[in-house]
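Reading through the structure tokens given below for one structure.
The values are calculated or read from the model by the stated rules, or taken from the named source; none is laboratory data. The shown structure was predicted, so the numbers you read here are calculated from the model rather than taken from an experiment. Note: ideal-geometry Cβ built from the backbone for every residue, glycine included; neighbour counts use all protein chains shown.
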Amino acid sequence: MTNLIQAAKFFAHYFKHYKLGMAVIGLFTILATYFQVTAPVYMGKAIQEIANYMGKALNPATRAQASLSQVHTAVWFFLLFSLLMLVAQLINYVMQAIVSSNSVNDMRKGLFGKLQTMTIRYFDAHQDGEILSRFTSDLDNIYNAMNEAIFQLFSQGVLMIGVLWMMFHQNVTLAWVTIAATPISLLLAYLIIRRAEKYVNLQQDEVGHLNGYINEQINGEKVIITNGLQAESVKNFEDYNQRVKDATYRGQVWSGILFPLMSGMSLVNTAIVIFFGGYLTLNGTLDRAVALGLIVMFVNFSQQYYQPISQITATYNMLQLAITGAKRLNEVFEQADEVSPADGIIFTGLKDKVELDDVHFSYQEGHEILHGIDIEVDKGQMVALVGPTGSGKTTVMNLLNRFYDVDQGVVKFDGTDIRKFNLASLREHVGIVLQDSVIFTGTIRYNIAFGKPAASDDEVYAAAKQAYIHDFIMSLPEGYDTVVNDEHSIFSTGQKQLLSIARTILTNPDLLILDEATSNVDTVTEAKIQKAMDNVIHGRTSFVIAHRLKTILNADKIIVLKDGQIIEVGTHQELLAAKGFYAELYHNQMVFD
Ligand SMILES: Nc1ncnc2c1ncn2[C@@H]1O[C@H](COP(=O)(O)OP(=O)(O)OP(=O)(O)O)[C@@H](O)[C@H]1O
């Protein structure tokens, strides 16, 4: 029930932008319903007049008065009301299509906008495919349901009220007979819907997991091929696929039962109406012709009365998928946004120093990763973080531009807690070169100028030159206009990092975080990265995660991390002389180099 209320609120939020459209839908639904429930009255009237005509025509005394004109009038009215109903329904469908496509468009925009405000924690904790499935299958389900079920729910509800009103207006006894079996139908529908709901929810969750798996496997295809794990990958896929199939199958079976069951109930009800109508005709006080007309009218009403129940149950699966979709989109909308203080201090650039003061941090509660980190870096200094894998180097970097906030302790720029700064101004002055450099779809020029779209060509070329990637770009037939993307990149890992360095040089940050690329870098590119790094670091306060120790020999300070704690601090010479962990690490690397 809470899911239903939540979904109703969710849809109301989007529909309220289309008040005029909704008003047209409301008006034409009422009109269509009026025409629909009035048509059977004329059908009943036609039968009644036929019976009257026959009564007169078969009696020689009254034969001369027998006339079909009343029958013709009733039939014409029946046709007219049926036609008006069709026209009203047609206008409704067009309007519904306009409102639903616009609303889904708004949802998609809202969802993407929301993603851009969320914390890195969400992206770290969710698979790409899982996030993607909310844009694809959940939004598709909502769209389909809007077109084929949600508005229908409304129009069928109105129809039910209209039929009830007209039935009681025409004949109270037959109206009660027609609706007598409703509690049984509703109870059956409720019991089945509860079972179906469980599996439809499960289905969407399983589809999300399946998408997540497919996405992960596509990204990891090279590792899979290298290790000959294709069969294993397919086997695991089959497990995920099987779970989707099981949930889909059960959901379909349970929701599929509903429609035939309700149609069956409708037929039984029609039979009851005919039986009671016949009884009234034979034993009641009603005129035969009137009673015959009433039977025909109520057979129609009985079918119209059960139509909403049958239709809603027929589209139930769709509705449930939309409710689940709304729930899953709401889950995203309810995620915490990045916190920028209301009247945050505008950070205008580093003037003095960066400090980490007794910093504790955990990604998951109860599992602390950093245990009291103290680092002090003066403006313009270069600090290198080294340490075994998993020691917490990237985590320290994540705290410096507020990808995450500390649990305890404080990160300070010029003595001010960075949580007090306006977030955008903080990020403006912090540049990051990630280990896995990202390429966006577009030209090379667009990629370099990504952080400063207004940059002139000369600025772009100068940055590329400093990053030692200009010559390579110029060797391409289309130079800076070459279109690249992350999947079909023409760059090696090292070249991608050079491009990323050029991008950072162009934004000219005060504080630099640089995660050195480790893999697939040949010696020529490695030398270029080293020189590009020197260029980007020059004159800036920088934190460098170094995997090749020879790249940080000139660092002002080398911080050695192990298991989330600082175990050594000093310059290269000092740490060598101390003959500790760093010295051992360095000597081991030198043997391999
Ligand atoms: N998003 C995350 N959620 C949960 N735990 C994480 C997350 N990111 C990292 N960790 C854990 O935090 C610890 C430190 O990871 P971190 O990435 O900071 O290490 P690192 O020193 O940079 O390693 P590497 O040299 O391999 O990049 C590891 O135990 C890791 O498993």
Quiz item: Among GLU568, GLU516, which is the only one that is within 17 Å of GLU376 (Cα to Cα) and in contact with a helix residue (DSSP H, G or I) (Cβ under 7 Å, 6 or more places away or on another chain)?
Solution: GLU568
Exercise. Please work out if VAL396 is among the β-branched types (Val, Ile, Thr), crowded, with 17+ Cβ neighbours inside 10 Å, more than 16 Å from the ligand (Cβ to nearest atom) and under 30 Å from PHE581 (Cβ atoms).
Key: no
Exercise. Scan region 243-267 for residues that are surrounded by 14 or more Cβ atoms within 10 Å (Cβ to Cβ) and closer than 21 Å to MET167 by Cα and jot them down.
Key: MET262, SER263, MET265, SER266
Quiz item: Of (1) more than 16 Å from the ligand (Cβ to nearest atom); (2) touching a residue at least 40 places away in the same chain (Cβ under 8 Å), ILE369 satisfies all except one. Which?
Solution: (1)
Self-check item: Count of region 311-346 residues which are within 11 Å of the chain's Cα centre (by Cα), over 26 Å from ILE192 (Cβ atoms) and among the charged types (D, E, K, R)
Solution: 1
Practice problem: Only residues in region 422-445 that are more than 23 Å from ASN535 (Cα to Cα) and not assigned by TED's automatic domain parsing to the domain that holds ILE505 count as the first member; pair them with residues that are within 16 Å of the ligand (Cβ to nearest atom) and acidic (Asp, Glu), Cβ under 9 angstrom, at least 6 apart or cross-chain, and list the lot. | Solution: none
Exercise. Please enumerate the residues belonging to region 163-186 that are within 15 Å of THR38 (Cβ to Cβ), surrounded by fewer than 16 Cβ atoms within 10 Å (Cβ to Cβ) and hydrophobic (A, V, I, L, M, F, W, C).
Key: TRP165, PHE168
Quiz item: If you check GLN116, GLN127, GLN170, which single one turns out to be without any contact (Cβ under 8 Å) to a residue 24 or more places away in the chain and over 20 Å from GLN320 (Cα atoms)?
Solution: GLN116
Quiz item: Quick one: would you say VAL438 is among the β-branched types (Val, Ile, Thr), more than 16 Å from the ligand (Cβ to nearest atom) and surrounded by fewer than 16 Cβ atoms within 10 Å (Cβ to Cβ)?
Solution: yes
Quiz item: Do we find that HIS360 is more than 23 Å from THR551 (Cα to Cα), free of Cβ contacts under 8 Å to residues at least 40 places away in the same chain and either among the hydroxyl-bearing types (Ser, Thr, Tyr) or out of contact with any Phe, Trp or Tyr (no Cβ under 9 Å at 6 or more places or on another chain) (or both) in this structure?
Solution: no
Quiz item: Looking only at region 522-548, which residues are within 16 Å of the ligand (Cβ to nearest atom) and at pLDDT below 80?
Solution: HIS547, ARG548
Quiz item: Just checking, how many residues over region 407-435 are under 19 Å from LEU514 (Cβ atoms) and either in contact with an Asp or Glu (Cβ under 6 Å, 6 or more places away or on another chain) or within 16 Å of the ligand (Cβ to nearest atom) (or both)?
Solution: 6
Quiz item: So which helices (runs of 4 or more DSSP H) stay within region 458-541 end to end and still have 2 or more residues that are loosely packed, with under 14 Cβ neighbours inside 10 Å and over 40 Å from the mean Cα position of the chain (by Cα)?
Solution: 470-475, 523-537
Quiz item: Just one of the numbered conditions (1) over 19 Å from ALA189 (Cβ atoms); (2) surrounded by 23 or more Cβ atoms within 10 Å (Cβ to Cβ); (3) not hydroxyl-bearing (Ser, Thr, Tyr) is not true of ASN317; which one?
Solution: (1)
Quiz prompt | Matching residues, region 372-391, being within 10 Å of the ligand (Cβ to nearest atom) and under 15 Å from GLU516 (Cα atoms) | solution = LEU385, VAL386, GLY387, PRO388, THR389
Quiz item: Exactly one of (1) touching a residue at least 60 places away in the same chain (Cβ under 8 Å); (2) among the β-branched types (Val, Ile, Thr); (3) not in a loop (DSSP other than H, G, I, E, B) is unmet by ILE448. Its number?
Solution: (1)
